[in-house]
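**Q** Okay, here's the structure, questions in a sec.
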Amino acid sequence: DGDDVLAMLPADKALACAEALRLAFQGKDPGVEGITSPEPGFLRSNQFRQKTGAAFETNEDTIPFPVPGPKADVSVGIALAHFKHPLQDVVRAAQKAEKRAKTLHNRGAVSISTFKRSGEILEWGCKWDGGGIELFKTIAEALTNGQAEGGVTSKFPYRVCQLLTPYLQAHSGLTQLAPNPGFEASRIIEREFEFASVQHGVKALVPRLLELLKDYLAKLPAETKPDSTATPDPVAAVIGLCRSVAFANRTRSSK
């Protein structure tokens, strides 16, 4: 389609690029040098260069151009893979992820497919305003900083996955049992998440991580279409988020 974009980026930059494109599509300031929004629905590029003779000069007084506007939204598919992975497979995975963002997450969402070296493909996604993006970015920043600088160690997201995996229905073999009214998955997730945060991070960061986690879990039921009978599995969602952010930032989280 005419409004589709295909880009190849470092794994740790892909989500930030997708966010910037969404903001630009809506006519909001995308936080990119040289691109500003004079008012909602319009963008201005201060890096437009005009040829004057044999040289180029920057034009600082360009005319704003219209974009779809604040009421428009985008669905994004991201595929994360090792640089030696066949490119065609990665592109097809990104296209499938985009379809999941539109169908499984009811549009206005991002979906990520992660190719592990073992051949396993991990899938995770959320709506732009569903709380998952902020949690993803905060964990990524904490991984970059490392525990010594107020963040978390590279083991943190893997520890969260290790603690939560036994609660997966498919893993535990309890898929045939009726839901237990007294079982609150969110409370268990928060407890295990907090334990991993204290174990592999600094105490000052724990309240912020838990705040973002609770916000994500509270908004998770709205991830599906209104007429859908399926409800997202919060345990699988948090595991998917942690595994995705760990893979995307694996080369940065060396501390």
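The values are calculated or read from the model by the stated rules, or taken from the named source; none is laboratory data. Note that the coordinates shown come from a computational prediction; the quantities given were computed from them, not determined experimentally. Every residue, glycine as well, gets a Cβ built from its backbone with ideal geometry; the counts of neighbours run over all protein chains shown. Remember, those area values only see protein heavy atoms, side chains included, never the ligands or the DNA or RNA. Shrake-Rupley method; radii C 1.70, N 1.55, O 1.52, S 1.80 Å.
**Q** In region 228-255, what residues are modelled with pLDDT under 85 and of a type in the set (D, E, K, R)?
**A** Within region 228-255, Arg250, Arg252, Lys255 qualify.
**Q** Is there a residue in region 104-116 that is more than 23 Å from Asp233 (Cα to Cα), polar (S, T, N, Q) and assigned to a loop (DSSP other than H, G, I, E, B)?
**A** No, every residue in region 104-116 fails to be more than 23 Å from Asp233 (Cα to Cα), polar (S, T, N, Q) and assigned to a loop (DSSP other than H, G, I, E, B).
**Q** Only one of these conditions is not met by Gly125: (1) within 27 Å of Asp29 (Cα to Cα); (2) in contact (Cβ under 8 Å) with a residue 12 or more places away in the chain; (3) open to solvent by 20 Å² or more (accessible area, probe 1.4 Å). Which number is it?
**A** All conditions pass for Gly125, except number (3).
**Q** For Leu122, indicate whether it is within 22 Å of Tyr216 (Cβ to Cβ) and assigned to a helix (DSSP H, G or I).
**A** Judged against the criteria, Leu122 is not a match.
**Q** I'm told Ile133 meets every condition in (1) closer than 15 Å to Ala246 by Cα; (2) in a loop (DSSP other than H, G, I, E, B) except one. Can you identify the failing condition by its number?
**A** Result: Ile133 fails condition (2) only.
**Q** Could you please give the count of residues in region 77-95 that are open to solvent by 30 Å² or more (accessible area, probe 1.4 Å) and not in a loop (DSSP other than H, G, I, E, B)?
**A** Residues that pass the stated criteria total 6.
**Q** Just checking, which of Gly34, Gly108, Gly2 is at pLDDT 90 or above and of a type outside the set (Val, Ile, Thr)?
**A** Checking each option against the conditions leaves just Gly108.
**Q** What number of residues within region 59-98 are modelled with pLDDT of 95 or more and farther than 26 Å from Glu123 by Cβ?
**A** Result for region 59-98: 0.
**Q** Here's something else I'd like to know. Please specify each residue of region 29-42 satisfying the condition of being part of a loop (DSSP other than H, G, I, E, B) and either of a type outside the set (S, T, N, Q) or touching a Ser or Thr at 6+ places or on another chain (Cβ under 8 Å) (or both).
**A** Asp29, Pro30, Gly31, Val32, Glu33, Gly34, Pro38, Glu39, Pro40, Gly41
**Q** Considering each residue of region 135-164, count those that are modelled with pLDDT under 95, surrounded by fewer than 15 Cβ atoms within 10 Å (Cβ to Cβ) and not charged (D, E, K, R), and give that number.
**A** So the answer is 2.
**Q** Continuing with the same structure: Restricting attention to region 102-114, does a residue exist that is open to solvent by less than 30 Å² (accessible area, probe 1.4 Å), touching a residue at least 12 places away in the same chain (Cβ under 8 Å) and at positive phi?
**A** Yes, the conditions are met somewhere in region 102-114.
**Q** Looking for something among the aromatic types (Phe, Trp, Tyr), at pLDDT 95 or above and over 22 Å from the mean Cα position of the chain (by Cα) - is there at least one such residue anywhere in region 179-191?
**A** no
**Q** Regarding region 197-212, can at least one residue be identified that is open to solvent by less than 40 Å² (accessible area, probe 1.4 Å), among the small types (Gly, Ala, Ser) and at pLDDT 95 or above?
**A** Among the residues of region 197-212, at least one is open to solvent by less than 40 Å² (accessible area, probe 1.4 Å), among the small types (Gly, Ala, Ser) and at pLDDT 95 or above, which makes the answer yes.
**Q** With the requirement that a residue be in a loop (DSSP other than H, G, I, E, B), free of Cβ contacts under 8 Å to residues at least 24 places away in the same chain and either surrounded by 15 or more Cβ atoms within 10 Å (Cβ to Cβ) or among the small types (Gly, Ala, Ser) (or both), what does region 3-28 give you?
**A** Ala7
**Q** Another one. Do any residues in region 64-87 that are without any contact (Cβ under 8 Å) to a residue 40 or more places away in the chain and of a type in the set (S, T, N, Q) have Cβ atoms under 9 Å from those of residues that are part of a loop (DSSP other than H, G, I, E, B) and open to solvent by less than 30 Å² (accessible area, probe 1.4 Å), where the two are at least six apart or on different chains, and which pairs are they?
**A** Ser75/His105; Ser75/Gly108
**Q** Then there's this: Criterion first (open to solvent by 60 Å² or more (accessible area, probe 1.4 Å) and at pLDDT below 90) does Lys225 satisfy it?
**A** Criteria met by Lys225.
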